[in-house]
Amino acid sequence: MVFISVIITAHDRKDYLMQAVDSVLNQTLPKTEYEVIVVKNFDEYTKELEKKGVKVIVTSDKELGKKIVIGTKEAKGEIITLLEDDDLFLPKKLEKVKKAFENKDVIFHSHGIQVFKYNNIPSDIRESKDEEMIIDVKKINRTGLKRLLLDHNYSIYFNTSRMSIRREVFKENEKLIEKFTFELDFLLFYVSALYGKLIVYDPEILSLYRVHNKSTNGFNVEFNEWLNKQVLIRKTHIEKFPVIKNFIEKKV
């Protein structure tokens, strides 16, 4: 049976953590089939979380990668599903993740997201007309992988809160993940792809991405301008692909 470990990371931000946790506990997947681990750097909410059956780890580490590695070391699941403290899962998220990973050749799963501002949680979830993509990485070379990133970078790997990855990826690359200090979502996607297995992208909206003034990317411009900026940032990083590729291959 596929067992899932959900790792929620939080650093300093406390405003939305309990909402994130509740969104994970409110899943259609039975609670016997997944666990919830919170890795944070503050003491607040620890007792409340433990009463909900959540495992809590308090650490002084600042980097997101280090927090994720700490969580995976305590995780029981074969599948690691990530969630940042200010984002939310929709109720069917883990059920669909489990179904995808019942195929043992799947190494990485991502899905559609919907963006919202502050506490304006959308009541109407956008429906996607796109079809599910199953990408067999064995059939594409490094050049093809770069093209894949250029074609679908915003759809597949943007935002760690939409990622589910087999635990072996974290276990075998933990030193690299700990050291990587920018665009961790890009790194996790690329490292997963190097395993040469299947990458699944489900276009259905399964998580909500919150934008607010304390988020990593900040929010001090008009909403559409902010979205366009995020796309541009990721295209810029992909144009610098050789630098990131060399970093990964050398495991600096």
Count - residues of segment 173-213 that are surrounded by fewer than 18 Cβ atoms within 10 Å (Cβ to Cβ), of a type outside the set (D, E, K, R) and part of a strand (DSSP E or B): 1
Members of segment 41-73 that are acidic (Asp, Glu) and under 17 Å from Leu17 (Cα atoms): Asp43, Glu44, Glu48, Glu50
Qualifying residue in segment 143-154 (condition: surrounded by fewer than 22 Cβ atoms within 10 Å (Cβ to Cβ), modelled with pLDDT under 95 and either closer than 26 Å to Asn26 by Cα or within 15 Å of the chain's Cα centre (by Cα) (or both)): yes
Answer from Tyr45, Tyr34 - the residue that is aromatic (Phe, Trp, Tyr) and over 17 Å from the mean Cα position of the chain (by Cα): Tyr45
Among (1) modelled with pLDDT under 90; (2) buried (at least 18 other Cβ atoms within 10 Å of the Cβ); (3) of a type in the set (D, E, K, R); (4) more than 23 Å from Asp85 (Cβ to Cβ), the one test that Arg166 misses: (1)
Tabulated pairs, segment 17-30, first under 13 Å from Arg210 (Cβ atoms) and in contact (Cβ under 8 Å) with a residue 12 or more places away in the chain, second surrounded by 14 or more Cβ atoms within 10 Å (Cβ to Cβ) and of a type in the set (Lys, Arg), C-beta under 6 angstrom, 6+ apart or interchain: none
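The values are calculated or read from the model by the stated rules, or taken from the named source; none is laboratory data. Quick caveat: nothing in here was measured; it's all calculated off a predicted structure. Quick reminder, even Gly has a Cβ in these numbers, built from the backbone with ideal geometry, and neighbours come from all protein chains shown.
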